[in-house]
Every structure is written in C-alpha cells, then in structure tokens.
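J.: Here it is: the structure, laid out below.
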Amino acid sequence: MRHCLGVLVIIILIFPHILKAAPWNELSTEQQKVLKQFQPQWSSFSESEKSKLALGAKRWLNLDSVQRIQLSQKFEKWQKLKPKQRADLQARLKAFKKLSSAKQTKIRESYKRFKNLPKVKRQKLRERFKRIKQTRKTKRTN
C-alpha cells in the first residue's frame, strides 16, 4: 500500500487535472480501498488535496498490472533521488510544460528515437553530450 501512495503522488504530478472533491462516502469502494490510509484525515484535507487524491486513485485503478508495476518502479526510483535531484526534475518538467505543443512533440519524438537506438550507441551519445556539457561549463567559468 505504501507504493500506492507514492504512485498516486507521481500520477498527480504528471496529471494535475482536478476533479470536484468528493466526500469520503461518495468515493467508489475501489477508490476507498486505494486511499484507505487517508480516511481518518480525509475531512481535514483541502478540496484540492481531496480532488488530487481521488483523481490519482481513479487513474491507478484504470492501470493494468504491467502499468502499475512500471509506475511502482518509477516511484521507487523517485524515492531514491536526493531532494535537489527531485527539485531539478520538477523544474525541468515545469519548463517542458511551458514549451509549445510542437516543441514538446519534437522532444518526445527525439526521445523515442534515442530509446530505440542500441544500448552501445545510446551510451556513446550520453558520453558525447557529457563532454559537450563540460566544455560549455568550462568556457562559462573562464
């Protein structure tokens, strides 16, 4: 159940759409099962918090078992990140969301092409990018 909570947080971060907050007894039985650890304090949550949790539970319930496993693994990775790494990722996501849909699509397509490359080729590109990044960083400090 601990993973459900973390996964709900990730879902909320990725899909921040807000539904009208429902009182606990108006949540579906399935949503109540996913959110049962929140029942004691449900009435103390803001409308926004209730909405986000209800939406996260609804999305969790709509995932198939493979998607749930993948999301749980992503959450485990997220938990292992240091606070600065999390903040950096959140800032990058925020910047990405500010881009035009055309630029977002272009980035997604580039990423898909990158992921379809052989592992060796991806590693070489990562090393090349790291060298370029280091060179730029050195030039800025001089």
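The values are calculated or read from the model by the stated rules, or taken from the named source; none is laboratory data. If you're wondering where the values come from, they're calculated on a predicted model, not measured in any experiment. Note that we place each Cβ from the backbone using ideal geometry, even for glycine, and neighbour counts take in every protein chain shown.
J.: Would you point out the residue of the range 107-120, among those that are more than 22 Å from the chain's Cα centre (by Cα) and among the aliphatic types (A, V, I, L, M), that is surrounded by the fewest Cβ atoms within 10 Å (Cβ to Cβ)?
T.: In this case the residue turns out to be 120.
J.: Those residues that are hydroxyl-bearing (Ser, Thr, Tyr), assigned to a helix (DSSP H, G or I) and within 30 Å of residue 26 (Cβ to Cβ), I need them from the range 45-103; list them, please.
T.: Taking the range 45-103 as the starting set, the residues that turn out to be hydroxyl-bearing (Ser, Thr, Tyr) are 46, 48, 51, 65, 72, 100-101.
This time we only want the ones that are assigned to a helix (DSSP H, G or I), so: 48, 51, 65, 72, 101.
Those that are hydroxyl-bearing (Ser, Thr, Tyr), assigned to a helix (DSSP H, G or I) and within 30 Å of residue 26 (Cβ to Cβ): 48, 51, 65, 72.
J.: Only one residue in 70, 134, 104, 123 is in the same structural domain as residue 57 (by TED's automatic domain parsing) and either at pLDDT 95 or above or surrounded by 10 or more Cβ atoms within 10 Å (Cβ to Cβ) (or both). Which one? Working first, answer last.
T.: Values: 134 fails: in the same structural domain as residue 57 (by TED's automatic domain parsing); 104 fails: in the same structural domain as residue 57 (by TED's automatic domain parsing); 123 fails: in the same structural domain as residue 57 (by TED's automatic domain parsing).
Being in the same structural domain as residue 57 (by TED's automatic domain parsing) and either at pLDDT 95 or above or surrounded by 10 or more Cβ atoms within 10 Å (Cβ to Cβ) (or both) holds for just one of 70, 134, 104, 123, which is 70.
J.: Only one residue in 13, 19 is modelled with pLDDT under 90, closer than 23 Å to residue 96 by Cα and in the same structural domain as residue 91 (by TED's automatic domain parsing), so which one is that? So that I can check it myself, show each step before the final result.
T.: On the way: 19 fails: closer than 23 Å to residue 96 by Cα.
Result of the check over 13, 19: 13.
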